[in-house]
Structure formats: C-alpha cells, structure tokens
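Q: So that we are looking at the same thing, I have put the structure below in structure tokens.
Read the figures in this text as sums done on the coordinates, not as results from a lab. The structure displayed is predicted, hence computed values, not measured ones. Here Cβ is always computed from backbone atoms with ideal geometry, including for glycine, and neighbour counts include all displayed protein chains.
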Amino acid sequence: MDLERLLSDRLAPAFAAVAGAPVDPVVRRSPRADFQSDAALALARRLGRSPRDLAADVLEHAALDDVCASAEVSGPGFLNLTVSDRALAGLVSGLAGDARLGVPAARAPETVVVDYSAPNVAKEMHVGHLRSTVIGDAAVRLLDWLGHRVVRVNHLGDWGTPFGMLIEHLADLGETEAAHELSVGDLDSFYKAARAKFDADEAFRARSRRRVVALQGGDAPTRRLWRLLVQQSERYFLSVYDLLDVTLTGADFRGESAYNELLADVVDDLDRLGLLAASGGARCVFPPGFTGRDGEPLPLIVRKSDGGFGYPATDLAALRQRTGELGATRLLYVVGLPQQQHFAMVFAVAGAAGWLRPPARAEHLGFGSILGSDGRMLRSRTGGSVKLVGLLEEAVARATDLARAKNPDLDAATAAEIGRVVGIGAVKYADLSTDRARDYVLDWERMLALDGNTAPYLQYAYARIRSVFRRAGAVARPDAPIVLAEPSERALAIELLGFAGVVGRVERSLEFHHLAGHLHRLATAFSGFYERCPVLRAPDELRESRLLLADLTARTLRQGLHLLGIRTLERM
Ligand code: ARG
C-alpha cells in the first residue's frame with residue numbers, strides 16, 4: 001500500500017466532514033515530520049476560518065490512531081504526520097509478499113497507442129530519435145506493467161517527395177551497391193549523395209519527379225525499389241534498437257505510407273463536416289485559437305496546392321485509425337518540442353472532426369534537445385548531426401574501460417557485458433532523469449559516475465546488495481518480522497513504501513524523472529542504512545529483518561530500472 005495514499009484516504013473523510021464537500025488533502029513528504037498535508041490553508045481561506053483552527057478540527061475527525069504515532073498542527077496550519085513504527089513495519093511486510101511491490105494493476109485498463117522513435121528511411125537516426133526512443137520505450141514498459149493494452153507504433157518516415165530522388169539514386173548505384181551502403185548504416189552519405197545530384201543535375205531532378213508520380217501511382221518496379229530502401233533502413237534501425245535494448249520490433253513499424261490510402265477519405269470527411277477552407281490553392285483547416293505572429297489564423301494544410309497530402313494529413317489519418325480501428329483511448333506522441341504546435345493543431349482538428357472524443361485523449365510528450373559541452377545543440381566534429389550509433393558505441397566503450405580500470409582482473413567477455421549494460425543504461429538514465437521538456441548537456445563523466453543521480457550508481461547499489469546475499473549464502477524470508485530499530489531503517493522503509501505512489505503519478509504524467517529521482521532517493525537511503533546498520537553480523541531477529549529490507553530494496557531498484565529500460569547486473 002502506498003503510504004501517501006493511505007494517509008490521504010484517512011484524512012479525506014475528515015476534511016470532507018469539516019468542509020461539507022470533498023477536499024484533496026494533498027499529502028506529501030515533509031522535512032518536519034514524515035508527511036504533511038497543506039490542504040487546510042487553502043480551505044480555511046475559502047471558508048473564511050483560521051487555518052490552525054480548521055486543521056485542528058480536521059484532526060479531531062480523522063481516524064489516524066492505527067497509522068500515526070503523532071499528528072499535529074504546525075506553523076500557519078499544516079498537518080504534520082509521523083507514521084508509527086508498527087504501522088510502517090506492517091506495511092513493509094505487506095510489500096515483501098507482493099510480487100508487484102505494492103503497485104496495483106490499473107483498475108480500468110486502457111488501450112494506449114505509443115507513437116515513438118519514428119526515424120526516417122534512408123536517413124541516419126540522430127539524438128532526437130534517441131530521446132523519442134528511450135522515453136517512448138519507458139512509457140511502453142510502465143503502462144504495460146500496469147496492465148494496459150499497449151500498442152507500439154513506429155511512425156517511420158517512409159513516404160513523400162524525397163523518395164523520388166532516393167529511388168533514382170538507388171537505381172543509379174545499382175541495387176547491390178545501394179543495399180550494401182544502407183545495410184552498414186551509411187544512411188547519411190546515401191541521402192546526401194542523392195540530394196547533391198538533385199540540386200546539381202536538372203535531368204536527375206526530372207527523373208526524380210517522374211519517380212514520385214510512379215511511386216504514388218503504384219508502379220510495380222518503382223514500388224519494389226522503394227520497398228528495398230525501406231527494408232534496408234528498417235533492418236538497420238532494428239540493429240540500433242538491439243544495441244539500445246528497447247522493446248521495439250519489426251512488427252511495430254507502421255510508416256507514413258501505411259496511411260496513404262486513407263488520406264483522401266480524411267480530407268473528404270473534413271470537407272463534409274464543413275471544416276475545410278481554401279488558402280492559396282491549398283486545402284486547410286483553421287482550428288480556432290491558433291494564430292501566427294501577425295495575429296492571422298494559422299492553417300493546418302491537409303492538401304497541398306500540388307494535390308499532394310503531407311505530414312499533417314497523415315497524422316490525422318493515423319489518429320483516426322488509432323481511436324477508430326484500434327479503439328485506443330490514450331494516444332501518446334513522443335516527439336520533440338519543435339513539433340508542439342503541429343500536434344496541438346492536429347489534436348484540435350481531430351477533436352472538431354469527432355475522431356478524438358472523451359474518454360479518448362491525445363498527449364504530446366514533447367522533449368528538449370541534447371546539448372554538447374558548449375551548451376549548444378550537440379554536433380559532430382565536422383558540424384553535422386551526431387550519429388546515434390556512434391554515441392552508443394562510445395558509451396559502451398567508455399563504460400567498458402571504467403569497468404576494467406576498477407577491476408583489472410575482469411575477463412574480456414565480462415568487461416564487455418558490464419560495459420554494455422552500464423554504458424547503455426547511463427545514456428538512457430541521463431535522458432530519463434531530467435525533466436523531458438528541458439534540454440540537457442551530454443556529459444560523459446557525469447552520466448558514467450558511480451555516485452550521483454546516475455544509472456551506474458543505481459546499478460551498483462543493486463549489485464552490492466546482491467553480493468551481500470552471495471557472501472552470506474543468505475536468502476530473505478518474506479515472512480520475517482520487520483523491526484525498525486534505527487532512524488536509517490525507518491527512512492529506508494518510507495522510501496520502499498513510496499514506490500507505488502511514484503509509479504501511479506508517472507502513469508499519469510509520464511514524467512520519468514520522478515521515478516528516477518525516487519530510485520535515487522531509495523538507493524541513497526539504502527546506503528545510509530547499510531553504513532549504520534550491520535546486516536550479517538546483527539543478532540538473529542534483526543538480521544532477518546535487515547536482509548528483508550535489503551532484498552526489498554534490490555527488488556524495487558531492479559523493477560524501477562526495468563521500467564526505465566535499464567538492466568541490472570548481479571556483479572559489477
Ligand atoms: N519522422 C518524424 C521525425 O523524424 C517524427 C514523426 C513523429 N510521429 C508522428 N506521428 N508525426 O521528425
């Protein structure tokens with residue numbers, strides 16, 4: 001049971017009795033006691049009463065005796081709550097026998113579509129795709145664990161006018177050569193070569209345009225070449241997913257081309273609903289509330305003046321399919337913040353068209369950029385965008401070197417395994433532990449450090465606990481009575497009991513830095529406990545209790561990291 005929830009459930013009826021209406025007690029951790037509720041302050045203002053009197057009144061009505069050792073009014077009208085050791089011990093014992101560590105499965109499971117990763121065919125994956133892939137995969141893991149039906153969608157950029165030039169370039173190179181370039185992940189040079197020819201050579205431009213028409217018209221040889229491009233790129237992306245250790249598979253690709261047949265229908269529907277307007281030859285929707293810098297209404301262009309459909313129409317078709325055919329009620333889009341307006345407009349238009357009706361809702365999980373040490377957008381030495389695989393390989397190499405330096409006796413295979421788990425974990429954790437809306441600086445030393453809010457710190461905390469059990473040949477007995485003798489044991493117990501609450505909040509906000517922060521606090525609390533409380537040398541009853549606390553910590557770290565897509569190691 002989640003402690004904050006428990007206290008909140010106890011206070012809520014008392015607040016309701018005093019206020020005559022439901023009130024959220026807003027229980028949170030407190031520097032003065034274990035927890036505090038500040039709700040009396042706002043409520044007193046509303047009722048025109050003294051906050052301290054009102055808080056005292058709430059305490060009178062609250063049934064807290066079996067949970068709290070003390071509950072008192074403090075300061076301007078806070079309620080300070082100190083949980084009794086007995087109650088804490090009982091709740092921790094409850095966790096021990098629960099494979100889900102106190103986290104209940106969703107009461108009303110939903111179908112959730114997570115649109116993430118979405119690289120572009122014949123183009124290198126860059127660090128923006130890293131963020132989308134890592135955040136999206138964490139969302140998938142967490143929602144899936146909570147019992148939702150999760151549909152991964154990899155909205156691959158596999159359609160549109162650039163494919164004319166890409167296919168022509170492929171035909172020029174010859175299929176074998178082109179397949180080779182693409183399979184080794186030399187996507188950028190392939191794309192750039194096509195682009196250079198397109199810019200320099202009029203005849204190539206003309207061929208490329210004819211190719212686009214042929215592709216859209218379903219010309220069989222053109223489609224075959226296009227599929228070759230897509231397949232080679234997909235194979236390459238899957239190798240990156242494998243290195244990155246994410247759950248995306250080949251079955252999750254559902255590129256923009258998949259919606260091609262639906263686009264005309266989407267535009268017809270918008271027309272029938274009277275939502276379409278003509279603007280400079282294009283067909284647009286002007287959703288209310290969106291204006292440009294000049295104050296003019298902003299269009300969402302659904303059909304371009306050349307008759308082609310584009311990115312917005314594709315997203316509308318995809319959305320309609322997700323709520324309609326897939327029956328999804330929660331749509332997540334893990335895409336960089338520069339596309340915020342695009343999604344806000346797509347959601348507004350979909351709402352107006354009736355494709356996005358409550359309870360269905362769409363959320364853009366936007367994210368900031370990854371910066372270099374100079375505080376500017378991360379760039380390669382030559383000034384181009386940083387190739388994602390290069391970055392991941394560097395992480396693994398650095399972590400492998402660190403593992404070897406720490407333990408020179410490691411055999412090569414073990415060092416490589418540690419390097420991979422720690423290096424990839426560090427990259428993911430650096431991403432997930434910062435508020436996703438913010439930019440962050442890629443700082444190798446910091447993210448690979450064994451102390452601080454890092455993956456290696458948490459992985460190390462886990463491995464250390466496992467080694468305690470190995471050394472002692474001990475196992476934790478889930479039914480061992482919990483004894484909370486020392487303040488550091490109490491502090492650890494409170495962190496263990498906070499896991500469920502954090503997971504519940506992250507289910508709603510999908511702000512993974514809260515989960516990361518919680519795991520970091522848990523690992524820190526464990527280290528305080530471990531410094532002060534002997535485990536193996538403790539007298540019997542304490543030893544059993546402490547082993548169980550250690551085991552619960554390890555299980556929580558492992559599960560929490562797993563939700564973030566980060567592996568643990570039994571030895572480090
Ligand atoms: N392919 C796009 C890019 O690389 C991202 C697509 C995001 N998803 C979507 N449904 N629009 O920027």
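Q: When only Cα pairs under 8 Å and 6 or more residues apart are kept, what is the percent relative contact order across region 120-229?
A: Relative contact order of region 120-229: 36 percent.
Q: Sticking with this structure for a sec: Rounded to the nearest 500, what is the 222 nm mean residue ellipticity of the chain from helices alone, with -39500 (n - 2.57) per DSSP H run of 4+ residues and division by all residues?
A: That calculation yields -17500 deg cm²/dmol at 222 nm.
Q: Can you give the Rg to Rh ratio for the chain, taking only C-alpha atoms and Rh from Kirkwood?
A: 1.04
Q: Skipping prolines and chain starts, which residues have an amide H placed within reach, meaning under 5 Å, of the one on Cys68, given they are 5 or more residues away or on another chain?
A: Under 5 Å from the amide H of Cys68 lie the amide H atoms of Ser84, each far enough along the sequence or on another chain.
Q: Placing unit charges on C-beta atoms (Lys and Arg positive, Asp and Glu negative, everything else neutral), compute the dipole magnitude of region 129-286 about its Cα centre in debye, rounded to 20.
A: Here the size comes out at about 240 debye.
Q: Also, I was wondering about something else. Which whole-Hz ³J(HN,Hα) couplings does region 557-565 yield from phi under the Karplus relation 6.51 cos²θ - 1.76 cosθ + 1.60, θ = phi - 60°, glycine and proline marked x?
A: 4, 5, 5, x, 5, 4, 5, 8, x
Q: Could you state the number of Å between the C-alpha centres of region 156-187 and region 284-339?
A: For region 284-339 versus region 156-187, the Cα centre distance is 28 Å.
Q: Related question: ³J(HN,Hα) across region 89-98 via Karplus (A = 6.51, B = -1.76, C = 1.60, θ = phi - 60°), whole Hz, x for Gly/Pro?
A: 4, x, 5, 5, 4, x, 5, 4, x, 10
Q: With unit charges on the beta carbon (Lys/Arg positive, Asp/Glu negative), name the residue among Tyr462, Ser545, Leu484 whose Cα is farthest towards the positive pole of the charge dipole of region 455-563.
A: In region 455-563, that residue is Tyr462.
Q: For the chain, find the longest principal axis of its Cα atoms and tell me its angle to the long axis of helix 412-432, 0 to 90°, nearest 10.
A: Once rounded, the angle reads 90 degrees.
Q: Right, something else. Label-point separation (nm) for Ser50 and Glu363, each offset 7 Å from Cα along Cα-to-Cβ?
A: 4.3
Q: Whose amide H sits under 5 Å from the amide H of Val441, counting only residues 5 or more places off or on another chain, with H placed in the peptide plane?
A: Answer set, sorted by chain and number: Leu371.
Q: Compute the relative contact order of region 444-572 as a whole-number percentage, counting only Cα pairs closer than 8 Å that sit 6 or more residues apart in sequence.
A: 39
Q: Here is a follow-up. At 7 Å along the Cα-to-beta-carbon direction for both Arg379 and Glu60, put a label point, then send me their distance in nm to one decimal.
A: It works out to 6.9 nm between the two label points.
Q: What ranking do Glu177, Glu234 get, fewest neighbouring Cβ atoms within 10 angstrom at the top?
A: If I rank by nearby Cβ atoms, fewest first, I get Glu177, Glu234.
Q: Here's a follow-up. Rank-order 104-111, 421-428 by packing density, defined as the average count of other C-beta atoms within 10 Å over each peptide's residues, highest first.
A: 421-428, 104-111
Q: Which value, in debye to the nearest 20, gives the size of the charge dipole of the chain about its Cα centre, when Lys and Arg are +1 and Asp and Glu are -1 at the Cβ?
A: Dipole of the chain, to the nearest 20 debye: 160 debye.
Q: Using the number of other C-beta atoms within 10 angstrom as an exposure proxy, rank Thr291, Thr414, Thr524 with the fewest first.
A: Thr291, Thr414, Thr524
Q: For Asp219 and Glu394, calculate 0.36 nm times their separation in residues minus their Cα-Cα distance, and state this gained length in nm to one decimal.
A: Answer, rounded to one decimal: 58.7 nm.
Q: Return one quarter of the surface area of the convex hull spanned by the alpha-carbon atoms of region 3-83, equal to its mean projected area, in nm².
A: Hull-based average projected area comes out at 4.4 nm².
Q: Step through the residues of region 102-119 one at a time and calculate ³J(HN,Hα) from phi using the Karplus curve (6.51 cos²θ - 1.76 cosθ + 1.60, θ = phi - 60°), rounding each to whole Hz and writing x for Gly and Pro.
A: In residue order, the calculated couplings are x, 8, x, 5, 4, 6, 10, x, 10, 8, 10, 9, 10, 9, 8, 6, 6, x Hz.
Q: Within 10 Å of each candidate Cβ there may be at most 16 other Cβ atoms; applying that plus a DSSP loop requirement, which trypsin sites (Lys or Arg not before Pro) in region 118-159 survive?
A: Qualifying residues, ordered by number: none.
Q: In the chain, with Lys and Arg counted as +1 and Asp and Glu as -1 at Cβ, which of these residues, Ala21, His126, Val113, has the Cα nearest the positive end of the dipole, that is, farthest along it?
A: His126
Q: Quick check on packing: order 550-558, 195-203 by the mean number of other C-beta atoms within 10 Å, highest mean leading.
A: So the peptides 550-558, 195-203, ranked by packing, come out 550-558, 195-203.
Q: Follow-up question, since we're still on this one. Ranked highest first by average number of other Cβ atoms within 10 Å, how do 533-542, 276-285 line up?
A: The packing order, highest mean first, is 276-285, 533-542.
Q: Same structure again: Taking 30 Å as R0, compute the FRET efficiency from the Cβ-Cβ separation of Ala42 and Ala108 and round it to 0.05.
A: Computed FRET efficiency for Ala42 and Ala108: 0.55.
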